[in-house]
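Below is one structure, written out as C-alpha cells; the observations come after it.
The values are calculated or read from the model by the stated rules, or taken from the named source; none is laboratory data. Only a predicted model underlies this, so the values are computations on that prediction, with no experimental measurement involved. Cβ sites come from the backbone with ideal geometry, for glycine too, and all protein chains shown count toward neighbours. Accessible surface is based on the protein model in full, side chains and every heavy atom, while ligands, DNA and RNA are left aside. Shrake-Rupley method; radii C 1.70, N 1.55, O 1.52, S 1.80 Å.
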Amino acid sequence: TPIIYYGDEIGMGDNIYLGDRNGVRTPMQWSSDRNGGFSRADPARLYAPTIMDPVYGYEAVNVEAQSRSLSSLLNATKRLIAVRKSALAFGRGSMTFVRPTNRTVLAYVRQHENQIILCVANLSRSAQATELDLSPWKERVPLEMLGRTKFPPIGELPYLITLSPYGFYWFELREQETLPHEAPHMLQEFITLVVPLGATWVTLERTRGIFERDVLPTFLSRTRWFPERSASAIVPSVTSAIPFSNSGDNRSWIAFFEARLKGELARFVLPMRIHWHRFDRERHDPRALAAVRQGAREGTLVDVATDKDFIAQLIQNLHEGITTEEGGARLEFLPTRAFAARTLPSVDIVRAVETEQSNSTSLVGSDYVVKIYRRLHAGINPEIEVGRFLTEQTNFASTPALLGSIELVEGERRSAIAIVHGFVSNQGDAWTFTSGYLDRFIEAQRLLPDGDATGETGDGVPYSLYMQQMGKRVAEMHMALASRDDLEAFRPEPVRPDTIRSWIDDIAARAENVLASLPRIHPPIRDTDRQLVAQAGALGPELRARLEQLMPETLDIDAIRHHGDFHLGQTLIVKDDIFVIDFEGEPRRSLAERRRKAPAARDVAGLLRSIDYAATAALERASEITPEDHGRLAVALEGWRERATASFVISYRETMTDTRLWPEDAAVAERLLNFFLLEKVLYEIEYELAHRPAWLRVPLTGLLRILNEGSEAPS
C-alpha cells in the first residue's frame, strides 16, 4: 500500500531546521494567501512557521495553484488514485516478484482472480533498460494503465522494457481477444500448389480446385477485408483472372472469385503473384496464400494488393493509360488529364494503411494514395465519378486530387477495381483529432474542481475554429457539387412532393423493420439500454406521423449529388484547414442508392451524428478508469456536443450562399435536418444490431432525442 505523507501530494518541502518530527508538520499550503491560506492569525503566533523559501514556499507550491494545472503533481496523484481504485488487484491481489536482469529496476506482479497487473519501476536517476521473464503470462497483451496504450504481446523471449529516470509502468496483462494470424497451428496447414510452366489459375482445373477448397477459405478468414471469419463457411469459386501488365515472365494477376454472404452472391478482387523464393514457415508472411512448386523451382503465392512492385506497376500502367485483356474481359487504366501530363516519380516507399476494413489502401511515399476495392459492384462508382468531377470540372480544392482509376470491363458492365489520389500531407483525420481533444477535455473535467470547470480545455477555442472551418468547407463542397447544370449526373433537381413521399415511405419502412428487430437482440445488453429499446419500440405506431410532421409537404430546395457517408473520419486535418475524402458512399447501399441525389442536409446530418458518436466513445474510455464519474462526465460531454454542433451548423449556414441548397426559413431547415438525422440514426441502429449491440444506446438515444424534438415542431 503506498504511503503519502502530509503535503507530498502537492510537492511540499520540509522545514529541516525545526528538528525531530516537526519538520513535516508545518502549516498546509492551501493558497498563496496569508499563511498559505492555513490561518488568518498573525504569522508570529503560528505554532509552526510556514515554509517561505522560493522553491517550496506556499507562494509557489499550494493546492489552489496545483488544482488549476492539469500537469501538476496533485492532479497526477489524483490520476494514480483513480487508476488504483479501478483495479482490485492493487489492494487485494497476491504479489510475485519478477527478477530483472538490471538490478536498478524493481518489477512485481499483482494478481486478483483473472486480473493481473505488472508493476515496473526504475529506482535509478538515469534511464534504464531491462529484460523481464514474463513467460508465465505468454500471449497476454500489456495495457499501460495510465495512457491505455497497448504494448506488444508477451512471447517466449525475455520482454524488453526501457524506463526514464525514476520512471515506472503499471501494465494490466490482458488476454488477447483473438488469436494472432501467425498462430503455429495455421502454419502447418499451408498447401503446396503445383503450377506447370505457362499455366494460369483459370486453365489449371485441379490446382484451381485445391486453391478454392483448401487455400482460399483459410486465407480469407484471416483478412480484415473479407466479412466472414469462419473458414468452413467460405465457399469461393474463382471465375476469371486478368494479367496486370502486357509483358513480363512473372506478371501479377487480378483474380476474381465469387462467394455467398448471407445468401447473396458477391464478387471479390484478389491481386496475386508468385514470389520465387522458398516458403518460410518460421517467419510467416501474413500476405502468403500457399507454397508453390514448378518443377525444381519453389515459391510463395502472395496477395500483392499492398506490394511495392505491384503498386509501382499499377501507377505506371495508369500513367500510360494501358489496357490488359484476358478471356473477353479487360482492365482499363484511366488517368485524369493532369496525371497523364505530369512526370512520373519513382516509387520508393509503400506503406499499407492498417486501419482500412473493406478495401486495401496504400500510401506511396508522399505522392499517392492507392485504394484497391476488394468487393466488386457493377456500375458507376461514385468515388470515381465525384472525384473526377471535383478535380476536372470545379475549382473545389479542399479534397485530394483524383489521379485516375482502374476499371474492369465485361461487355457492357463496368466495375471499379482501384482508385488513385494525390497524397495530401496531413495531421490525421478529424475523428482521431476529436478523440484526442475529448480525452484532454475529460481529464480537465475529472481533475479540476467543479467550480473551476469552464466547459472547455485550453485548446477548446482552436477546436471550435476547426469545426467552423469544417462547416465552411462542407458548404463549399455542396455548392461545387451543384455548380454544373449542364451535366445530367450533377444537375441539381427540385425536390418534388412525390420525392418527399418516397423519402417518408422508405424511412417509415426501415423504421418498422428496425424497431421490430430490437426486441430480438441476442447478446445481453445493459438494463439501461433495454429501457431505451422499450422507449423506442413504444414510438413505432406514431412514427410515420412524426416523419410527416418533420418533413413539409413542399420544399423550395434542390436535391444534389452529395458525399453520402459524411462523418469525422472522412475529413483530414491539413494544417489549419479541412480536406474532405472518400466519396464512396455508405458501403451497405447499392451503387444506385449511393448516386441518388438528396438535399445537402443529408451530409450535415451525418457529421452531427458522428459528433454524437465521438462523445460517446470518449465517455466509454473514461468510464473504464473512473466509472464513478460517469454521470458528471456525461453532462459535460453533452454540453460539448451541443457547442460543437452549433459551431459547425452556424458556419455552414453563413457560408452557404446558394438558396437552392438550404432553406431560408430556419424552422424549415431545422425540421429538414432532423428528418435526415432520423434516417441516419436508423441506419446506425441496423449496423449496431448486426455488429455491435453494446453500442445500441448511441443511436437509440439519438432517435429518442430527434423524435422528441420533432413532436414539438410546428405542423
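For the stretch 381-421 and the stretch 634-680, what is the separation of their Cα centres, given in Å? Result: 30 Å between the Cα centres. Split the accessible area of the stretch 40-152 by element, probe 1.4 Å, and carbon with sulfur accounts for 53%. Subtracting the Cα-Cα distance of S245 and S69 from their residue separation scaled by 0.36 nm leaves 57.2 nm. In the context of the full set of protein chains, the chain has a per residue accessible area of 49 Å² (1.4 Å probe). Taken as Cα centroids, the stretch 341-361 and the stretch 43-81 sit 53 Å apart, rounded to the nearest whole angstrom. Compute the Cα gyration tensor for the stretch 568-715, then decide on rounded, prolate or oblate, letting a ≥ b ≥ c be the square roots of its eigenvalues: rounded whenever a/c is under 1.5, prolate when a/b is larger than b/c in the other cases, and oblate in all that remain. Because its axes are fairly even, with a/c under 1.5, the stretch 568-715 counts as rounded.
Treating only the Cβ atoms of Lys and Arg (+1) and Asp and Glu (-1) as charged, compute the dipole magnitude of the stretch 1-77 about its Cα centre; round to the nearest 20 debye.
180
Give me the extension gain from A233 to S517: residue separation times 0.36 nm, minus the current Cα-Cα distance, reported in nm with one decimal.
Here the segment from A233 to S517 would lengthen by 99.8 nm.
When a 1.4 Å probe is rolled over the protein heavy atoms, the share of accessible surface on the stretch 633-715 that falls to carbon and sulfur comes to 53 percent.
Sorted into 20 angstrom bins from 0, the C-alpha pair distances of the chain split as 14, 39, 35, 11, 2, 0 percent.
Helical runs assigned H by DSSP (4 residues or longer) give the chain a calculated mean residue ellipticity at 222 nm of -11000 deg cm²/dmol, each run adding -39500 (n - 2.57) before division by the residue total.
How large is the convex hull of the Cα atoms of the stretch 92-175 per residue, expressed in Å³ as a whole number? Don't skip to the end; give the middle numbers.
On the way: hull volume 7.4 nm³, N = 84.
Spelled out: Cα convex hull of the stretch 92-175, divided by residues, is 88 Å³.
Derived from the Cα gyration tensor, the three semi-axes of the equivalent ellipsoid of the stretch 224-332 are 23, 22, 13 Å, largest first.
Between beta-carbons, use under 11 Å as the cut-off and find the net charge around D303, counting Lys and Arg +1, Asp and Glu -1. With Lys, Arg at +1 and Asp, Glu at -1, the neighbours total +2. Carbon-plus-sulfur fraction of the accessible area of the stretch 208-335, 1.4 Å probe, in percent? Of the solvent-accessible surface of the stretch 208-335, carbon and sulfur hold 43 percent.
So if we plug the beta-carbon distance of D486 and A509 into 1/(1 + (r/R0)^6) with R0 = 41 Å, what FRET efficiency do we get, rounded to 0.05? Efficiency, rounded to the nearest 0.05: 0.70.
As an exercise, use a Förster radius of 41 Å and the Cβ-Cβ distance of R148 and R21 to find the FRET efficiency, rounded to the nearest 0.05.
0.50
Loop only per DSSP, at most 12 neighbouring Cβ atoms within 10 Å: give me the trypsin sites (Lys or Arg not before Pro) in the stretch 534-614, ordered by residue number. For trypsin sites (Lys or Arg not before Pro) across the stretch 534-614 that sit outside H, G, I, E and B with at most 12 neighbouring Cβ atoms in 10 Å, the list reads K575, R588. When the trypsin sites (Lys or Arg not before Pro) in the stretch 5-85 are filtered for DSSP coil states and for at most 15 other beta-carbon atoms within 10 Å of their beta-carbon, the remaining sites are R25, R40, R68. Rounded to the nearest 0.05, the FRET efficiency derived from the C-beta distance between A617 and A690 at R0 = 25 Å is 0.85. The mean sequence separation of alpha-carbon pairs under 8 Å and at least six residues apart, normalised by the residue count of the stretch 530-637, gives a relative contact order of 25 percent. With a cut-off of 14 Å between beta carbons, the residues surrounding G147 carry a summed charge of 0, where Lys and Arg count +1 and Asp and Glu -1. When both the stretch 556-573 and the stretch 494-518 are represented by their alpha-carbon centers, they are found 20 Å apart. With a simple spin-label model that places each label point 7 Å from the Cα along the Cα-to-Cβ direction, the separation between R596 and M52 comes to 7.9 nm.
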